[in-house]
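S.K.: Let me begin by handing over the structure; questions about it come next.
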Amino acid sequence: MPDDQAIGKVVDDELRKHFLGKSVLVRGIASSEHPDKTIDKLIDIIAQTGTDRYDPNRPGDRYENVDGKHIDLFAFPVIIKPNTKVFNQVVWGFYHSSIAVHGYPMRIDVVSVYDASQMQQVLHRYEGRGDIKDDGFTFRDAAAKSAALLGIIKIS
């Protein structure tokens, strides 16, 4: 089990260093979900296209929802403040939630950071669950996805 607090602190420090005062979306990405791409190639794709969802025909984890709403990506919305702690939640989810959904944990290799003002939140529900999820987002301007991307962090 990863030390989500220690890993979270390292990434949160970088988020504060570069995005202090900004309202952002923080998205973790496991390169293992892109087996035909190296981490560096995946980063190049994200930098060019604005997203790791580069193939619209490739099914994604949890994109299906009860109402059939379009979701471009899942992320954690946060305003980066001097005491912000967000990335530990991302690490926790990639470990525990991945085990629950897939039967195995996933390692985060890449973090993409988006300008929250260029994204639209999509409230959604999953089959068999009564809770409403608020972690889905679409790009406000689908033709300018890379403009919403503020930064990419490679996790070694």
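S.K.: Strictly greater than 24 Å: what percent of every Cα pair in the chain meets that?
M.R.: The calculated P(r) of the chain puts 31 percent of pairs beyond 24 Å.
S.K.: For the chain, which span is the longest to avoid every loop-located (per DSSP) member of trypsin sites (Lys or Arg not before Pro) having at most 14 other Cβ atoms inside 10 Å?
M.R.: 1-61
S.K.: Once you put a point 7 Å from the Cα of E14 and another 7 Å from the Cα of D36, both along the Cβ direction, what distance in nm separates them?
M.R.: 2.7
S.K.: Taking the Cα centre of the chain as origin, work out the dipole magnitude from +1 charges on Lys and Arg Cβ and -1 charges on Asp and Glu Cβ, in debye rounded to 20.
M.R.: 340
S.K.: Need one number: nm distance between label points at Q5 and R107, each 7 Å from Cα along Cα→Cβ, rounded to one decimal.
M.R.: If labels sit at Q5 and R107, their model points lie 2.4 nm apart.
S.K.: So which lysines can K41 reach, going by Cα to Cα under 24 Å and dropping same-chain residues fewer than 8 places off?
M.R.: K145, K154
S.K.: What does the extension gain come out to for Q48 and D141, with contour length at 0.36 nm per residue minus their alpha carbon separation?
M.R.: Extra length available between Q48 and D141 comes to 31.9 nm.
Taken together, the values in this text are just the output of simple stated rules run on the coordinates, not laboratory data. Nothing here was measured: the structure is a model prediction, and the numbers come from that model. Here the Cβ is made from the backbone with ideal geometry for all residues, glycine too, and neighbour counts use every protein chain on show.
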